[in-house]
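Heads up: the structure comes next, in structure tokens.
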Amino acid sequence: MGRLFGTFGVRGVVGEDLTEDLARRLGLAFGTYLGGDAEVLVGGDTRTSTDTLKDALVSGLTAAGCDVVDVGVAPTPAVQYLVESEGFDAGAVVTASHNPPEFNGIKLLGSDGCGLPKEAEREVERIYFEEGEDRAEWESVGTRTRAPELLNDFVGAVRDYVGDFDGEGLRVVVDAANGAGALVTPRLLSELGVEVVSVNAHPDGRFPGREPEPSEENLKETMRMVRASGADFGMAHDGDADRLILITGDGRFVPGDYSLALISAWALDEGKGRQIVTPVSSSMCVQEVAEEHGGEVVWTKVGEPIVVEEIKRADDPALGGEENGGIIYPDFHLSRNGIITALLVCKLVAEEGSLDDLLAEVPQYHLHKTGVECPDDLKPRVMEEVESLVEEEEVEEVITIDGVKLFYEDGWVLVRPSGTEPLIRVFGEARDEDTAVKRVEEWKRRVEEIVRELQG
Ligand code: MG
């Protein structure tokens, strides 16, 4: 049987891997999976291909008998939240998140607004490839209703969640990546009194301002603008606004795990829970801040759906998050939400002090990243060898949740096979740069030797 779904939904280059024909057939298969009379909420990002793909998806869903409500252009967290809060049976978002403009994707959501569980995806795939096209009779073809006003319910809920604050006097650069966040974040902040300096603020699926991935490389211009505009700080979304990256007033890029640490302090102090759920690749600073505020870190494998699963399993989750700027607020919804993060950071700065002051509370680590080329079929044996080497190493703790992570007194090293490339990643942190580089390079040398011997 063929495969459609990757880590989170279907993703590919428009017109090649992802066509309107595939979208329509996927709509039909999903509609059939839902039993043909479900109510489904759909929405999408600002990409040039989103309307076409969404129309095709809706066409399939209604042909299967489902009634569809279309919220229009909306951040992914908005669609996810609304599926659950408005009581839909399912949902779908047409978006390729942070990928370049030629990409698009379709994420299918269950009634809880989270990505479909793996077994459900398998079943939709089975229907797609094996069952052929099973349409509703003429009298039960579904309806499509447009409901852009639903976005206001999401905006209101975000405002309520964060709580009011006086943003007067704050000057913040907001870079919406010409994506779906452009419709929400600048407006929300302005309503709270923040002076918003908008960058890439008109929805445009060609992404003329920058690539939608909020990486340090892609944000160079925005970082310069924060510095030049005399803003207090800056923030940048990815294309569908489930992520947010911060930029300090002097134009420094803040890695997402440092903002996660900052928000973790808030969540733990607010009594949101005790556990911060984050992948093993996140900075040590998250653990330190969590422990300082009476919480603990639950380490997970890398990937948003896995973080969500672990939050569901955790007994007292306060927050989930990744180093890419995606933070999940479990008592709001189990989806990454860059808009809540945007508001919260403004609130914290308005009430507690500058972003620099807040970040000064987060311990700084030096990250060193490298990798060793390794054919995919050798990866499992290389990792076995790595594990056996670990026994001789003097470390505080070793975890093998995803790759092998060694905790040293003042940092860590993670040896982890890449999921997408013929590569074993070796990276780690330490309090000082020399130690980080020395330790990571030493592990790189060991992995290289193992690969060489196994290939020998
Ligand atoms: Mg995204």
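The values are calculated or read from the model by the stated rules, or taken from the named source; none is laboratory data. Quick caveat: nothing in here was measured; it's all calculated off a predicted structure. Note that each Cβ is placed from the backbone with ideal geometry, even for glycine, and that neighbours are counted across all protein chains shown. To get the accessible areas, we keep the full protein, side chains included, count just its heavy atoms, and leave off ligands, DNA and RNA. Shrake-Rupley method; radii C 1.70, N 1.55, O 1.52, S 1.80 Å.
Okay, here's what the table says:
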quantity: For region 386-455, alpha-carbon Rg and Dmax in angstrom; calculated: 11.9, 35
quantity: Student exercise, the chain dipole from Lys, Arg, Asp, Glu Cβ charges, in Debye to nearest 20; calculated: 1140 debye
quantity: Listed residues Phe5, Val398, Thr300: farthest to the positive end of the dipole of the chain (Cβ charges); calculated: Phe5
quantity: Solvent-accessible area per residue, Å², over region 153-250 with all protein chains present [probe radius 1.4 Å]; calculated: 36 Å²
quantity: Nitroxide proxy distance, nm - points 7 Å out along Cα→Cβ at Asp134 and Glu391; calculated: 5.3 nm
quantity: Exceeding the 32 Å Cα-Cα cut-off - candidates Lys107/Lys444; Lys54/Lys118; Lys107/Lys272; Lys118/Lys272; Lys220/Lys438; calculated: Lys107/Lys444
quantity: Cα-projected label distance for Asp357 with Glu384, points at 7 Å along beta-carbon direction, nm; calculated: 5.7 nm
quantity: DSSP-defined beta bridges in region 10-148 - what % are antiparallel, rounded to 5; calculated: 40 percent
quantity: For Tyr81, solvent-accessible area (1.4 Å; no DNA, RNA or ligand), Å²; calculated: 40 Å²
quantity: Of all DSSP beta bridges in the chain, antiparallel share, percent nearest 5; calculated: 60 percent
quantity: nm² value of the averaged projected area, convex hull over the Cα atoms of the chain; calculated: 21.8 nm²
quantity: Spin-label model distance (nm) - Asp112 vs Glu217, 7 Å beyond Cα toward Cβ; calculated: 3.6 nm
quantity: Length released on extending from Asp434 to Thr370, taking residue separation times 0.36 nm less the Cα-Cα span; calculated: 21.6 nm
quantity: Whole-percent carbon and sulfur share, accessible surface of region 256-360, 1.4 Å; calculated: 41 percent
